[in-house]
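Participant: One structure, as C-alpha cells, below. Some questions next.
The values are calculated or read from the model by the stated rules, or taken from the named source; none is laboratory data. Predicted, not measured: the structure shown is a model, and the values here were computed from it. Note that each Cβ is placed from the backbone with ideal geometry, even for glycine, and that neighbours are counted across all protein chains shown.
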Amino acid sequence: MKVVALISGGKDSCYNMMQCVAAGHRIVALANLRPANTDELDSYMYQTVGHQAIDLYSEAMDLPLYRRTIQGSSLDISRNYSVTEGDEVEDLYELLKLVKTCTINNRLPLVLTE
C-alpha cells in the first residue's frame, strides 16, 4: 500500500516509518504540520519540537515533502472528534487533502509549503 508518512521530526514518527516499510508499505510522500513561528507550538495534537529538521528527512529519503502551517487551535479535545472549524485537526485534514490531490494528479513537488 502507498502511504504518506506524517512526520514531526521526532523519534516516534521515524520509528513509525520504519514499521510501515517493515509491513510492506511504500512511503510515497512526507507530510508535516509546523508552527507559524520558529518556536515550538504548545499544541494538544501535534509535536513540533523537531520541525526545523523536516527538510532533511525529505532530502535524505528522496521523497516529496508537503507542509502546512498550523492555523487552528485545540478547540475539540474530546475522545470522539467532530468537525470543528478553527480546530488544529482541520489543518491536518487540509494537508492530507492537498497530498491526495497532488498524488492523484502525479504532481509530486520536491517541497510544497502552504
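Participant: Determine whether the stretch 51-74 contains at least one residue that is surrounded by 15 or more Cβ atoms within 10 Å (Cβ to Cβ), touching a Gly at 6+ places or on another chain (Cβ under 8 Å), on the phi < 0 side of the Ramachandran plot and modelled with pLDDT under 80.
Facilitator: yes
Participant: So is VAL28 surrounded by fewer than 16 Cβ atoms within 10 Å (Cβ to Cβ), modelled with pLDDT of 90 or more and assigned to a strand (DSSP E or B) or not? Write out each step before concluding.
Facilitator: Details: surrounded by fewer than 16 Cβ atoms within 10 Å (Cβ to Cβ): yes; modelled with pLDDT of 90 or more: yes; assigned to a strand (DSSP E or B): yes.
Yes; evaluated as a whole, the condition is true for this residue.
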